[in-house]
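Please see the structure below; I have some questions.
The values are calculated or read from the model by the stated rules, or taken from the named source; none is laboratory data. Not measured: the values here are computed from a predicted model. With ideal geometry, Cβ positions are generated from the backbone for all residues, glycine too; neighbour counts draw on all protein chains shown.
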Amino acid sequence: MPTTRRAVIDVGTNSVKLLVADVSGVNVQPVLEAGNQTRLGQGFYETHRLQATAIRRTVAAVVAFAETARGLGAASVRAFATSAAREAANAQELCHALEQAGGLRLEIISGEQEAEWAFHGVRTNPQLTREPLLLLEVGGGSTQFILGQDGEIHLRESYPL
């Protein structure tokens, strides 16, 4: 199976994370992992609105990570956002700013999708592919509980904790 270099950018409540990896089928070989604390959720819980300065910091980090990924030969760069963006009344301001600054489309994912991706990400470790897993994924604005085995999810819940 051919190998393709891909990149994903995770826009969370507290930080932006980059993974550039060589992907072949279900095999993922990391090339670069990086993070930047942008505090997108700063001031959010009082207003349920993303603050302009937090949006600017986050957009700058995402654009820089996308440039890094492209410089490393990533064939695609996918950006997604989690808790703060999915709960924000003005999430479209973040999406629009990112599209204007870097030409990137930001996908805001559900808590259930976040839980599913966390489960499948952990399962890329060969030692964790067969055993039953109870996974607790704690983020800056939400926590996901996932129970599964052999690639099958039996329970996935996301809580705004």
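Check 52, 34 and return the single one that is among the hydrophobic types (A, V, I, L, M, F, W, C), closer than 21 Å to residue 95 by Cα and either touching a helix residue (DSSP H, G or I) at 6+ places or on another chain (Cβ under 9 Å) or at pLDDT 95 or above (or both).
Values: 34 fails: closer than 21 Å to residue 95 by Cα.
After ruling out the rest, the residue left standing is 52.
While we're on this one: Pairs only if they're at least six apart or on different chains, beta carbon under 6 angstrom, first in segment 40-51 and at positive phi and free of Cβ contacts under 8 Å to residues at least 12 places away in the same chain, second of a type outside the set (A, V, I, L, M) and surrounded by 12 or more Cβ atoms within 10 Å (Cβ to Cβ); list them, first residue then second.
As it stands, the answer is 43/51, since those pairs meet every condition given.
How many residues are closer than 12 Å to residue 57 by Cα, hydroxyl-bearing (Ser, Thr, Tyr) and without any contact (Cβ under 8 Å) to a residue 40 or more places away in the chain if we restrict to segment 13-39?
1
Another question, then. Please report, ordered by residue number, the strands (runs of 3 or more DSSP E) entirely within segment 54-161 with at least 2 residues that are surrounded by 19 or more Cβ atoms within 10 Å (Cβ to Cβ) and under 13 Å from the mean Cα position of the chain (by Cα).
Counting at least 2 such residues, we get 76-81, 106-108.
Quick one: would you say residue 26 is hydrophobic (A, V, I, L, M, F, W, C) and at pLDDT 95 or above?
Judged against the criteria, residue 26 is not a match.
Which numbered condition trips up residue 29, out of (1) in contact with a Ser or Thr (Cβ under 9 Å, 6 or more places away or on another chain); (2) surrounded by 14 or more Cβ atoms within 10 Å (Cβ to Cβ)?
(2)
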